[in-house]
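Working notes, beginning with the structure itself.
The values are calculated or read from the model by the stated rules, or taken from the named source; none is laboratory data. All figures in this text were calculated on a predicted structure; none of them were measured in a lab. Quick reminder, even Gly has a Cβ in these numbers, built from the backbone with ideal geometry, and neighbours come from all protein chains shown.
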Amino acid sequence: MQFIQSAGVNTVINISGKLDFAAAGTFMEELKTLVDKNVKRIDIHCANLEYISSAGIRAMVFLKQKIDKNVEVEVFLHNAIQPVKDVFSLSGLDGYFEFVDL
């Protein structure tokens with residue numbers, strides 16, 4: 001599965017299905033390609049994301065912390081379903097990411 005749809009200053013990522021332990025490794029490897037690429041904003045479209053595990057959460061935290069160590073990267077999660085939002089909330093990370101409902 002390919003997650004990154006367009007890479008650059010404004011990067012778009014699409015996630016669907018389950019971001020569990022099995023998928024998180026592939027997701028993390030794709031995210032590593034963004035390190036030090038001058039990314040300023042990441043839009044993650046997750047309307048079709050049904051489930052996220054702790055491994056998926058760990059990949060999201062990596063995304064926010066490591067993509068560019070010198071610049072604050074804005075990360076927006078678009079159209080996440082309530083159970084996915086609840087996982088972020090229960091993890092204490094709901095304020096760490098910005099949720100956008102379009």
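Data table
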read-out: Residues located in the stretch 90-99, provided they are hydrophobic (A, V, I, L, M, F, W, C) and within 13 Å of the chain's Cα centre (by Cα); value: L93, F97, F99
read-out: For V87: the one exception among (1) part of a helix (DSSP H, G or I); (2) without any contact (Cβ under 8 Å) to a residue 40 or more places away in the chain; (3) surrounded by 15 or more Cβ atoms within 10 Å (Cβ to Cβ); (4) under 13 Å from the mean Cα position of the chain (by Cα); value: (4)
read-out: Filter result for the condition that a residue is under 12 Å from the mean Cα position of the chain (by Cα) and modelled with pLDDT of 95 or more, over I81, I52; value: I52
read-out: Selection count, the stretch 34-49, where residues are loosely packed, with under 14 Cβ neighbours inside 10 Å and modelled with pLDDT of 90 or more; value: 2
read-out: Selection count, the stretch 57-78, where residues are farther than 25 Å from L102 by Cβ, of a type in the set (K, R) and out of contact with any Lys or Arg (no Cβ under 9 Å at 6 or more places or on another chain); value: 2
